[in-house]
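The values are calculated or read from the model by the stated rules, or taken from the named source; none is laboratory data. Every value quoted in this text rests on a predicted model; they were computed, and no experiment measured them. When we count neighbours, we look across all protein chains shown, and the Cβ atoms used for this are built from the backbone with ideal geometry, even at glycine.
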Amino acid sequence: MHLPKGASGFVGNVRVPWNEKVPYKFIVDGKWVIRNDRPTEFDGAGNLNNVLIAPSKPIPIMEHPSTTVPQGPTDSMISTTTLPEESLLSSESSPQNALAADQQD
């Protein structure tokens, strides 16, 4: 893959499989080179390569929305309306009273 030169150096994007070890090298001025500041290992033929160990695929967390507790504000958080506690717990409250209390908030 040819890496075009950008403002901060040569840049490119490559898709790699989850949870795989990916050996790589660069060709610079016609010579195979590695980066000394990245992990390396020898292949079966005795060649030294850089290696990237891709992370495992994240496991989606499926939670019921009522059990999710936000850890802090984010750009994607949506405001929600909840009923006052007394409307939820009082045996004297009717559904109409709870609805009216919710509409006042």
- Note on the structure: When segment 11-33 is checked residue by residue, the ones that are among the aromatic types (Phe, Trp, Tyr) and either under 27 Å from Gly46 (Cβ atoms) or over 25 Å from the mean Cα position of the chain (by Cα) (or both) are Tyr24, Phe26, Trp32
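Given the condition of a type in the set (S, T, N, Q), over 26 Å from the mean Cα position of the chain (by Cα) and either part of a loop (DSSP other than H, G, I, E, B) or modelled with pLDDT of 95 or more (or both), answer yes or no: does some residue in segment 49-72 qualify? Before you say what the answer is, go through the steps one by one.
At the first step, the residues of segment 49-72 found to be of a type in the set (S, T, N, Q) are 49-50, 56, 66-68, 71.
Keeping just the survivors that are over 26 Å from the mean Cα position of the chain (by Cα) gives 49.
After this cut, where a residue has to be either part of a loop (DSSP other than H, G, I, E, B) or modelled with pLDDT of 95 or more (or both) as well, the list is 49.
Yes.
Loosely packed, with under 10 Cβ neighbours inside 10 Å and closer than 19 Å to His2 by Cβ: does that describe Lys31?
So Lys31 passes the test.
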